[in-house]
1. What is the extension gain from residue 100 to residue 23, computed as 0.36 nm multiplied by their sequence separation minus the C-alpha to C-alpha distance, in nm to one decimal?
2. For region 11-123, what is the per residue volume of the convex hull drawn over the alpha-carbon atoms, in cubic angstrom?
3. Points 7 angstrom from Cα along the Cβ direction at residue 113 and residue 66: gap in nanometres?
4. If the chain between residue 74 and residue 56 were fully stretched, how many nm would it gain, using 0.36 nm times the residue separation less the Cα-Cα distance?
5. Test of understanding: ordering 110, 21 by Cβ neighbours within 10 Å, fewest first, what list do you get?
6. Rank-order 88-98, 48-58 by packing density, defined as the average count of other C-beta atoms within 10 Å over each peptide's residues, highest first.
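Since every read-out is calculated from the coordinates, none of them should be taken as a lab result. Note that the structure is a prediction, hence the values are computed from the model and not measured. With ideal geometry, Cβ positions are generated from the backbone for all residues, glycine too; neighbour counts draw on all protein chains shown.
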């Protein structure tokens with residue numbers, strides 16, 4: 001039996017998605033306590049996409065809740081385009097050339113939701 005988890009996105013949907021991810025990343029970099037950031041989609045157990053913001057803080061005082069409030073106040077990011085999860089990491093996984101390693105980001109997210117220590121993960125519902 002074949003089960004379709006999601007339909008293939010059209011080129012227009014891919015462009016809109018990439019544009020939103022870039023917009024959120026640019027906004028995160030405007031926060032004075034953000035050293036590095038990346039935003040990506042993760043699929044939940046029901047096959048729904050979740051926007052996850054991965055952030056390397058430049059100060060230990062930065063919290064996922066503060067990031068959520070910062071992004072929420074950004075007028076250029078639509079309310080339905082807000083990240084649903086904020087995850088603080090010691091480093092964003094990148095290749096030697098600087099390209100984002102998305103699978104390692106996803107693995108970091110999966111580890112955070114499976115661990116008993118979720119202080120670095122903020123879920124906005």
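1. Details: separation 77, 0.36 × 77 = 27.72 nm, distance 1.63 nm.
Net length gain for the segment: 26.1 nm.
2. Numbers: hull volume 13.1 nm³, N = 113.
Dividing the Cα hull volume of region 11-123 by its residue count gives 116 Å³.
3. 2.6
4. On the way: separation 18, 0.36 × 18 = 6.48 nm, distance 1.96 nm.
Value of the extension gain: 4.5 nm.
5. Working: 110 11, 21 18.
Ordered by Cβ neighbours within 10 Å, fewest first: 110, 21.
6. On the way: 88-98: 11.6, 48-58: 18.6.
Answer by packing, highest mean first, reads 48-58, 88-98.
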